[in-house]
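The values are calculated or read from the model by the stated rules, or taken from the named source; none is laboratory data. None of the values given here were measured: they were computed from a predicted structure. Here the Cβ positions follow ideal geometry from the backbone for every residue, glycine too, while neighbour counts run over all protein chains shown.
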């Protein structure tokens, strides 16, 4: 799912959620399935964002070594 554009998926799922709510109601299997799809997508977005943040964190030891190297050069 990493190749999918979340900005395209969210409005589609939101529309489906609204339609199933209006058609079958909040306790229906259809509504619950679409709601779960939305929850799953939001969880994937959060996981992706957490990975992006983690990948941009600076390792303190690596930074210290780089600073020492620059002082010597």
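Tell me the residue from 32, 47, 12, 36 that is under 19 Å from the mean Cα position of the chain (by Cα) and modelled with pLDDT of 95 or more, please.
Details: 32 fails: under 19 Å from the mean Cα position of the chain (by Cα); 47 fails: modelled with pLDDT of 95 or more; 12 fails: modelled with pLDDT of 95 or more.
From the options 32, 47, 12, 36, the qualifying one is 36.
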For this session: Determine which member of the set 14, 27 is out of contact with any strand residue (DSSP E or B) (no Cβ under 7 Å at 6 or more places or on another chain) and outside any helix (DSSP H, G or I).
Result: 27
Exercise. Mind checking whether some residue in the stretch 50-60 is part of a helix (DSSP H, G or I), surrounded by 10 or more Cβ atoms within 10 Å (Cβ to Cβ) and more than 16 Å from the chain's Cα centre (by Cα)?
Worked result: no
Exercise. Based on what the data block shows, is residue 22 free of Cβ contacts under 8 Å to residues at least 40 places away in the same chain and loosely packed, with under 10 Cβ neighbours inside 10 Å?
Worked result: yes
Exercise. Can we say residue 64 is exposed (fewer than 13 other Cβ atoms within 10 Å of the Cβ) and out of contact with any helix residue (DSSP H, G or I) (no Cβ under 8 Å at 6 or more places or on another chain)?
Worked result: yes
Exercise. Within the stretch 47-68, is even one residue touching a residue at least 12 places away in the same chain (Cβ under 8 Å) and on the phi < 0 side of the Ramachandran plot?
Worked result: yes
Exercise. Which pairs do you get when a residue that is closer than 13 Å to residue 18 by Cβ, found in the stretch 28-41, comes within reach of a residue that is outside any helix (DSSP H, G or I), reach meaning Cβ atoms under 7 angstrom, with the pair 6+ apart or on two chains?
Worked result: 31/25
